[in-house]
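The structure appears right after this line, and notes come after that.
FYI, it's all coordinate maths here, none of it is from the lab. Keep in mind it's a predicted model, so treat the numbers as computed, not measured. Cβ coordinates were reconstructed from backbone atoms using ideal geometry, including for glycine residues, and neighbour counts include every protein chain displayed.
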Amino acid sequence: HAARARPQLRDLPMLARAAARTAARAASASAAPSRTFVQMRTVPLFAEHVMEVPNMGDSISEGTILEWQKSPGEAVAVDDVLAVIETDKVTVDVRAQHAGVLTEVFAAVDDTVEVGAQLLKIDSDGTATVTAASPAPAAEAA
């Protein structure tokens with residue numbers, strides 16, 4: 001009978017791979033039957049979205065509501081300007097992140113609001129109850 005060759009140092013990576021394959025086969029044989037998971041799209045349960053006061057810069061922690069461009073009950077589209085917030089360094093337009101109806105505002109004009117505080121609520125399934133204010137007719141030149 002032929003003598004079995006002793007493993008050499010150069011054979012170690014091959015032996016390690018073989019040992020790993022053997023361990024994997026043993027583990028899969030004793031493991032529970034495999035299951036297949038299907039990733040499903042997440043659908044929000046509630047159609048209301050609360051927007052917070054946006055970050056307005058590194059050293060800015062609060063601002064003042066200068067004006068509301070939309071009123072509660074008005075329809076809003078994504079990127080509509082809803083409010084204008086002013087600080088001592090910058091003036092920021094707060095834009096809608098969702099389409100729907102502006103249902104609630106949590107601050108009034110001239111109120112000071114902190115970054116991250118709740119600012120407004122949009123219902124993406126709502127129906128508008130207020131129409132946008134139409135611009136005042138221009139006075140005719142005499």
Quiz item: For the range 65-131, treating each Cα as an identical point scatterer without solvent, what Debye log10 I(q)/I(0) comes out at q = 0.20, 0.21, 0.28, 0.29 1/Å?
Solution: -0.76, -0.83, -1.31, -1.37
Quiz item: Between Thr112 and Ala47, what FRET efficiency follows from the Cβ-Cβ distance if R0 is 25 Å, with the result rounded to 0.05?
Solution: 0.25
Quiz item: Which distance in nm do the two modelled labels at Leu66 and Ala20 give, with both placed 7 Å along the Cα-to-Cβ direction?
Solution: 6.0
Exercise. State, to one decimal in nm, how far the label point of Ser59 lies from the label point of Val130, with both points 7 Å from Cα in the Cβ direction.
Key: 3.7
